[in-house]
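Let me begin by presenting the structure, written as structure tokens, before commenting on it.
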Amino acid sequence: MSETAGVLGSAGAVPAGYVHVAQLGTPGPRSAELLAPWLQQALADGGTVVLACAPDLRAPLLDRLGADAVHVVDPDELGGRAPDAIAGHTSLVDKLTTDGTRLHLVTDSGRTSLGVPAWLQTEALLNHVLAGRSVAHYCVVDPGHLGADTDRALSCHPWSLTADGVVPNPGRKDPAEVLRSLWSAPGPDPLEATPPTLEVEDVGSLRQLRRELTASLSDGPLDPDEAEDLVLAIDEVVANAAEHGVPPVDVRLWVTEQRVLCAVADRGHGFDEPLAGYGPAHGDDLSVGGMGLWLARRAVDRMTTAPLADGDGCVVRLVVDPRQED
């Protein structure tokens with residue numbers, strides 16, 4: 001065995017708290033061979049094992065562990081937009097660790113129906129949101145599927161599983177750094193060079209804005225529920241800008257067959273906190289307030305902030321790509 005500093009050679013040596021481990025390879029028998037001893041030890045120690053991975057990985061793991069010994073979860077329950085995926089992970093962990101047991105979760109990089117950036121966003125955020133949970137999370141990272149995004153995927157995992165054991169990943173990055181690399185937008189979106197579907201300068205009435213947004217989205221690619229969610233998200237961002245930013249607050253909306261973009265601008269400094277809004281500000285009590293960013297993030301595929309082109313203010317961009325949800 002390698003003498004690499006920090007190697008966890010024993011399956012029982014995984015540290016406490018949330019441990020996010022990448023195993024570089026194709027989800028299949030070879031990955032199962034590496035994972036099985038760690039999961040077998042977890043079961044021997046009284047832990048709970050959950051398989052939420054591709055069939056090619058799940059089948060050989062079930063052969064080694066026994067179908068009665070583990071929980072099998074549909075990977076789609078842990079997918080979707082980052083806030084929904086985070087909620088799925090959190091719900092699963094809380095449901096299966098009520099007796100103080102440690103959860104051992106196996107996933108893979110195949111959950112990219114909304115695009116690789118959305119999956120990477122979730123993988124980075126899990127380190128932040130689940131930091132206090134007792135979870136060993138093994139994620140098989142498939143370079144054949146991820147291609148040029150493989151290194152960025154590995155950077156979301158503080159640990160790596162190799163033939164030598166679980167070792168610290170020297171390429172790991174903080175969640176905020178990963179998110180900034182995913183959604184950094186030094187300039188305007190290309191759609192902003194075209195005439196907007198709707199433009200409202202110096203928003204005065206949120207009720208009137210909601211009416212105009214709803215009308216503008218009615219003939220677009222979003223179904224009624226998606227359109228309503230987006231209107232509420234824009235409403236929250238505008239209200240936040242009105243309360244915390246500097247007027248005027250301007251709204252521009254572009255509706256195309258491919259995607260929908262809304263830009264909300266004010267003359268304040270904005271915020272540069274990519275982790276904000278990935279959980280209700282006051283837990284599960286929606287009556288307390290402080291929910292704007294959380295609600296907005298749940299309704300869109302991505303939300304970014306950037307300085308205005310002239311440097312005099314901030315713009316929040318909300319994007320929905322309905323084609324990626326088919």
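The values are calculated or read from the model by the stated rules, or taken from the named source; none is laboratory data. Computed from a predicted model, the values in this text were never measured in an experiment. A quick note on method: Cβ atoms are made from the backbone with ideal geometry, for glycine too, and the neighbour counts reach across all protein chains shown. Side chains included, ligands, DNA and RNA excluded: accessible areas come from the protein's heavy atoms. Shrake-Rupley method; radii C 1.70, N 1.55, O 1.52, S 1.80 Å.
Can you find a residue that is at pLDDT below 90, of a type in the set (D, E, K, R) and closer than 22 Å to Leu61 by Cβ anywhere in region 100-108? Within region 100-108, none of the residues are at pLDDT below 90, of a type in the set (D, E, K, R) and closer than 22 Å to Leu61 by Cβ. Here Val203 meets the list (1) touching a strand residue (DSSP E or B) at 6+ places or on another chain (Cβ under 7 Å); (2) free of Cβ contacts under 8 Å to residues at least 12 places away in the same chain almost entirely, failing just condition (2). For region 106-133, the candidate set comprises residues that are in contact with a strand residue (DSSP E or B) (Cβ under 8 Å, 6 or more places away or on another chain) and either assigned to a loop (DSSP other than H, G, I, E, B) or open to solvent by 40 Å² or more (accessible area, probe 1.4 Å) (or both); within that set, the residue that is nearest to Leu43 (Cα to Cα) is Arg133.
For region 42-71, give me each residue that is assigned to a loop (DSSP other than H, G, I, E, B) and more than 15 Å from Gln23 (Cβ to Cβ). Break it down into steps so the answer makes sense when it comes.
Our first condition is that a residue be assigned to a loop (DSSP other than H, G, I, E, B); within region 42-71, this holds for 45-47, 52-54, 66, 70.
Answer for region 42-71, where residues must be assigned to a loop (DSSP other than H, G, I, E, B) and more than 15 Å from Gln23 (Cβ to Cβ): Asp45, Gly46, Gly47, Gly66, Val70.
Has region 188-200 got any residue that is under 22 Å from Val116 (Cβ atoms) and touching a His at 6+ places or on another chain (Cβ under 7 Å)? There is no residue in region 188-200 that is under 22 Å from Val116 (Cβ atoms) and touching a His at 6+ places or on another chain (Cβ under 7 Å).
On the given criteria, is Ala85 modelled with pLDDT under 95 and open to solvent by 10 Å² or more (accessible area, probe 1.4 Å)? Here the answer is no, as Ala85 does not meet what is asked. Count of region 1-41 residues, restricted to those that are at pLDDT below 90, of a type in the set (A, V, I, L, M, F, W, C) and not in a helix (DSSP H, G or I), is 6. Scanning region 134-146 turns up no residue that is open to solvent by 50 Å² or more (accessible area, probe 1.4 Å) and within 18 Å of the chain's Cα centre (by Cα). For region 285-306, the condition of being closer than 26 Å to Ala176 by Cβ, hydrophobic (A, V, I, L, M, F, W, C), part of a strand (DSSP E or B) and at pLDDT 80 or above holds for at least one residue.
Which ranges mark the strands (runs of 3 or more DSSP E) fully within region 148-267 that have 2 or more residues being within 30 Å of Arg30 (Cα to Cα) and open to solvent by 30 Å² or more (accessible area, probe 1.4 Å)?
Numbers: elements: 159-162, 165-168, 198-200, 250-255, 260-266.
Where strands (runs of 3 or more DSSP E) fall fully within region 148-267 and carry at least 2 residues being within 30 Å of Arg30 (Cα to Cα) and open to solvent by 30 Å² or more (accessible area, probe 1.4 Å), they are 159-162.
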